[in-house]
Each structure stands twice: as C-alpha cells, then as structure tokens.
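Engineer: Just passing along the structure, written as structure tokens.
All of the numbers you see were taken from the coordinates with simple rules; none came from a lab. Predicted model, so just to flag it, every value in this text is computed and none were measured. All Cβ positions, glycine included, derive from the backbone under ideal geometry; neighbour counts span all protein chains shown.
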Amino acid sequence: MIQHALSGDGTPARKGKLDVYLFSLIDENMKSIAPGNFERHWGIFEYDGKPKYNLDLSGTMQNKALEAVEDVEFMQRSWCILDPKVKYLDDLAKSMDYACTLSDCTSLGYGSSCNNLSLQGNASYAFNMYYQVNSQKSWTCNFSGLAVVTDEDPSVGDCEFPVMISYAAPSVLLHSRGVLHFVMKVVGGFLLFLMILL
C-alpha cells in the first residue's frame with residue numbers, strides 16, 4: 001500500500017497523488033473497550049514505543065524495519081501483586097473487577113498473551129495494571145489488604161507485567177515551574193500596569 005501511495009498513480013477513478021491516513025500509530029491504553037478488547041491495540045507501536053510488527057514504511061523495499069523510540073524513561077521497577085500470604089479471598093473478584101474497570105486488563109482475555117495465568121496470576125496482573133496506571137502510588141496497591149508491592153518481576157512466559165513510562169521527568173517539572181513563574185510575573189506586571197492607568 002505504501003509503495004502504491006508513494007508512486008503517485010492514484011486509483012482508477014482518481015489519478016495522481018493519494019492522501020493516506022494511518023490510524024493509531026501507538027496503542028492507546030485509555031481508549032474505551034466497549035466495541036471490543038481490540039480497541040486499545042490498533043497501534044503499530046506498543047505504549048512505550050517498541051515496534052509490534054516488522055514493517056517497512058519507507059516504501060523503498062529496503063526492509064527498513066520500524067525503530068523503537070529511544071531513551072524512554074520508565075517508572076521504578078515495582079509491581080503490585082496478590083499477596084501470597086493472604087488466605088481469605090472473599091473480596092478478590094470485586095477487587096479484580098474494580099482494578100480492571102479502571103485500567104487495562106485486555107491481555108487477560110481469551111487468546112491474549114496472559115490468558116493462561118492462574119487465578120493468583122490474573123489477580124496480580126489486574127492489580128498491577130491499576131497500580132501502574134495510577135503512577136505506582138502506594139495507596140493504589142492495597143485492595144482491602146489483598147495486594148502487596150514487590151520489586152521482583154512477576155512476568156511469566158509471554159505474559160509481561162508492564163512498568164509504565166514516566167510521564168514527567170523532574171527536569172520537565174522544573175521547566176514547567178519556571179514557565180509558570182514567568183507567566184505569573186507577566187500577568188502581575190500587566191495587572192499593575194492596568195491599575196496605574198486607572
């Protein structure tokens with residue numbers, strides 16, 4: 001398709017250059033799954049910029065594969081799992097439902113990469129996704145005492161328990177505060193100017 005679009009031949013009904021739209025380059029983990037679990041996984045890149053497919057988008061047939069995004073910063077290597085010491089699992093189903101409703105548990109679905117986990121594995125995956133989506137805040141790994149934070153990667157086989165990317169590095173926050181401080185000074189100066197005029 002890319003070669004044809006770049007050739008300038010167009011279609012039988014419309015000769016010449018084609019406009020091409022690529023839908024969803026990156027997976028969108030916050031997209032609604034009401035139409036189906038696939039909705040969050042249209043992208044040709046994972047959420048962290050890793051290519052999902054061996055594609056050549058150059059159209060030159062030189063087998064130039066997609067390249068991963070470089071220098072992606074991840075949060076601390078920390079996961080939320082079902083506490084192996086817990087004996088009473090009465091609230092487990094309710095806690096898993098809550099975690100999956102507010103995060104992305106599509107990998108647990110039939111035919112997906114994590115569909116062969118045990119009950120404990122399913123709970124751990126659900127808890128971890130909720131914990132990661134909420135920036136690893138300690139209070140997001142409790143689930144009525146069912147969960148615990150670990151620094152040991154609970155991934156099993158092809159089922160990866162992800163660690164989310166860090167959205168705001170300290171340098172970005174410092175820069176943002178500097179910009180905000182500057183804007184506030186400009187607004188303050190403008191208000192002072194208006195007061196002098198009146």
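Engineer: With a/c under 1.5 counting as rounded, go ahead and sort region 59-109 into rounded, prolate or oblate using the C-alpha gyration tensor (a ≥ b ≥ c being the square roots of the eigenvalues; past the cut-off, prolate if a/b is larger than b/c, else oblate).
Structural biologist: The shape class here is prolate.
Engineer: Distance in nm between label sites at GLN3 and GLU73, each 7 Å beyond Cα in the beta-carbon direction?
Structural biologist: With each label point 7 Å from Cα toward Cβ, the separation is 4.3 nm.
Engineer: Based only on Cα atoms, what mean projected area does the convex hull of region 79-150 have, in nm²?
Structural biologist: One quarter of the hull surface, i.e. the mean projection, equals 4.4 nm².
Engineer: Bin all alpha-carbon pair distances of region 116-156 at 5 Å intervals from 0 and give each bin's fraction as a whole percent.
Structural biologist: 5, 23, 35, 25, 10, 2
Engineer: Rank the residues GLU70, GLU152, GLU160 as a footprinting-exposure proxy: fewest other Cβ atoms within 10 Å of their Cβ go first.
Structural biologist: GLU70, GLU152, GLU160
Engineer: Using θ = phi - 60° and the Karplus relation 6.51 cos²θ - 1.76 cosθ + 1.60, list the HN-Hα couplings for region 9-15 in order, rounded to whole Hz, with x at every Gly or Pro.
Structural biologist: Couplings: 6, x, 10, x, 8, 9, 6 Hz.
Engineer: Right, next: Which of the peptides 12-21, 82-91 is most tightly packed, and how do the rest follow, going by the mean number of other Cβ atoms within 10 Å of each residue?
Structural biologist: The peptides rank, most packed first, as 82-91, 12-21.
Engineer: Per 0.36 nm of contour for each residue apart, how much would the distance between THR101 and ARG14 grow if the chain were fully extended, relative to their Cα-Cα spacing?
Structural biologist: Net length gain for the segment: 26.7 nm.
Engineer: List the pairs from LYS52/LYS94; LYS50/LYS94; LYS87/LYS137; LYS15/LYS50; LYS50/LYS85; LYS50/LYS137 whose alpha-carbon separation is above 31 Å, in the order I gave them.
Structural biologist: As for pairs spanning more than 31 Å Cα to Cα, those are LYS52/LYS94; LYS50/LYS94; LYS15/LYS50; LYS50/LYS85.
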